[in-house]
Amino acid sequence: MLTLDHVTYRYPNTERPALRDLSLTIPAGQFCAVVGANGAGKSTLAYTLAGFVPHFYHGTLTGAVTVAGLNTASVTLADLVRRVGLVFQNPYNQISGTKFTVREEVAFGLENLGVPRAEMLERIAATMQLTGIAALAERSPLTLSGGQMQRVALASVLAMQPQVLVLDEPASQLDPIGTREVLAAVQALAASRRITVVLIEHKLEWVAAFADRVLVLADGALVADGPPAEVLASDVLLTHAAGQTRYTQAARLARAQGGWPANQPLPVTLPQAVAAFQAARP
Amino acid sequence: MSEQFSIFQSRPSRLHALHPVTKLVLTFCLLAAALLLPGLWTNYLLFALAILPLATLGQVTGPLLRAVWPTVLPFAISVFLIQGIIYPHGTPLFSLGPLTLKREGLLLAISGTGRILMVVSNFILFALITRPDTLMLSLVQRGVPGGLAYIVVASIQLVPRFRARAAAILDAQHARGLETTGSLRRRLSAIVPLVVPLILSSLVDVEERALAIEARAFNHPGPKTSLIEITEAGWERPARWLLLLTVPVSLGLRLWLG
């Protein structure tokens, strides 16, 4: 579980806060998505949950961030890495750069945590299977495609068995099939191991398909919080330039032309859209 | 980015199976011999009697020779031209127009080339048979700071990425009309738009990579473990000490024979 209590944060040498008075609680096992326009504070929120704010990016943090029972400001990053896993947007910079094979790359975090070798081998095999990279085990991490690297980065963090998993656009280099596979694996993990997942994602169709809950950030503040069907169909995303799913957009266009009843909810997923358009067919 | 900068060649050889520190000590002793032992042809002899047999044992003779010649040959040609011809007050061997080849210069060139051949081939052989990560792991296990080991290995491994980025920036600036050929002045003026983006993007990379390795517990206190198991045969430790004895022997021969 993680909790933010009136959290405000300013990066060093800046006047405008990157996060403004954020208060929220995400229970264990929940798959929560964070959406918003560029510069809304999504990545800063990810760094805050992982403890990089304030331990790496110093700045000014007020309020309290509690992750897996630890106040992030009161403990060290080393205390947090066992509990919080962070997968970054750019897969190329997540490769350690010191390992010759993908298997060894996945082992990097486990070696640093001092996990015994036998257990390490078990965890590596399981996470490589889960993320679909078992066939890449002996390949050099530096010769992988962006999508493959992204899977390796995810596997490397999952192998550390965090209680909270923060994913900052983890599928930016993946094709649609790869994205579905990876997010489905994360969703299954969240359910089976009660891992709290915070997914930062611009592609709202994926958010609608996988998240239990959606948070909308705008200018560092929380402007909407609720189930995907409710939040993604609301006008708040358009108001804050956070986009809309293509299904919602189609329904809005249909509504503008009189082809969608004003009282009918807007769809946010493909099955919802198909069912609604079929029902509306004369 | 489809290459790895390290020239390590994986082979099922007994030389590869040695502990990295044993290989390091062997390389150090051969280096000391190359630099200390007297004699005009000593380094050629060492190359023939030590480096080549070791390369054969490690099944890397081809890669070794392919890597050594491009380095040593240009050096040999230039040192023969410079030392052989420019050497003052030497014994003339033959003249071609205004140029005279002197005996003493020729001997210096032979000796210098032998030394370079030995030093270069020694280091290349070491790189061909030693994985950088296992070397660093074994050094960390012997007390070298982990951060230092990381910087060394990551720097070696990530050179291709840096090179690929430099090529991408060059292409991008070409596409925007930047001229990088022609007069010296034009070439100099092209440096800033090429170097500044390279440095800035590399700084961003460094920050992101620092975050990424922190997220993977790089600075986690306490003992670390390793997936790679580095094996060491029982005879290797005494063999290393025996090898190290060759260093004072080389020094003694140098002092004795001059």
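Based on what the data block shows, is residue A:174 part of a loop (DSSP other than H, G, I, E, B) and aliphatic (A, V, I, L, M)? Yes, satisfied. Only one entry in A:20, A:103, A:16 is basic (Lys, Arg) and within 11 Å of another protein chain (Cβ to nearest Cβ), namely A:103. Taking only the stretch A:1-40 into account, find how many residues are of a type in the set (Gly, Ala, Ser) and farther than 26 Å from residue A:189 by Cβ. Final tally of qualifying residues: 5.
Only one entry of A:61, A:70, A:121, A:136 meets the criterion of being more than 13 Å from chain B (Cβ to nearest Cβ) and either of a type in the set (Phe, Trp, Tyr) or closer than 25 Å to residue B:135 by Cβ (or both), and that entry is A:136.
Quick one: is residue B:250 part of a helix (DSSP H, G or I) and either of a type in the set (S, T, N, Q) or surrounded by fewer than 12 Cβ atoms within 10 Å (Cβ to Cβ) (or both)?
Numbers: part of a helix (DSSP H, G or I): yes; either of a type in the set (S, T, N, Q) or surrounded by fewer than 12 Cβ atoms within 10 Å (Cβ to Cβ) (or both): yes.
Yes; evaluated as a whole, the condition is true for this residue.
Looking at residue B:228, is it part of a helix (DSSP H, G or I), closer than 30 Å to residue B:147 by Cα, at the interface with another protein chain (Cβ under 7 Å from one of its Cβ atoms) and modelled with pLDDT of 85 or more? I'd like the intermediate steps shown before the answer.
Values: part of a helix (DSSP H, G or I): no; closer than 30 Å to residue B:147 by Cα: yes; at the interface with another protein chain (Cβ under 7 Å from one of its Cβ atoms): yes; modelled with pLDDT of 85 or more: yes.
When the stated conditions are applied, residue B:228 does not pass them.
At least 1 residues being surrounded by fewer than 13 Cβ atoms within 10 Å (Cβ to Cβ) is the threshold, and among the helices (runs of 4 or more DSSP H) wholly inside the stretch B:1-97 those reaching it are B:52-57, B:61-86.
If I ask for residues that are at the interface with chain B (Cβ under 8 Å from one of its Cβ atoms) and either of a type in the set (Phe, Trp, Tyr) or at negative phi (or both), which ones from the stretch A:106-118 would you list?
Step one: filter the stretch A:106-118 for residues at the interface with chain B (Cβ under 8 Å from one of its Cβ atoms), giving A:107-117.
Once the filter is applied, which keeps residues that are at the interface with chain B (Cβ under 8 Å from one of its Cβ atoms) and either of a type in the set (Phe, Trp, Tyr) or at negative phi (or both), the stretch A:106-118 yields A:107, A:108, A:109, A:110, A:111, A:112, A:113, A:115, A:116, A:117.
Considering the stretch B:158-197, and only residues there that are assigned to a helix (DSSP H, G or I) and of a type in the set (S, T, N, Q), the residue that is surrounded by the most Cβ atoms within 10 Å (Cβ to Cβ) turns out to be B:173. Suppose the filter is within 14 Å of another protein chain (Cβ to nearest Cβ) and at positive phi; does residue B:177 pass it? No: the conditions fail for residue B:177. Sub-6 Å Cβ pairs linking a first residue in the stretch B:119-140 that is within 13 Å of another protein chain (Cβ to nearest Cβ) to a second residue that is part of a helix (DSSP H, G or I) and not aliphatic (A, V, I, L, M), at least 6 apart or interchain, are B:130/B:20; B:130/B:23; B:134/B:20; B:135/B:20; B:140/B:146, ordered by first then second residue.
The numbered conditions (1) within 12 Å of chain B (Cβ to nearest Cβ); (2) in contact with a strand residue (DSSP E or B) (Cβ under 9 Å, 6 or more places away or on another chain); (3) not acidic (Asp, Glu); (4) not in a loop (DSSP other than H, G, I, E, B) are all true for residue A:149 except (2).
The values are calculated or read from the model by the stated rules, or taken from the named source; none is laboratory data. For clarity, every value in this text was computed on a predicted model and none was experimentally measured. Positions of Cβ are backbone-derived with ideal geometry, glycine not excepted, and every protein chain shown enters the neighbour counts.
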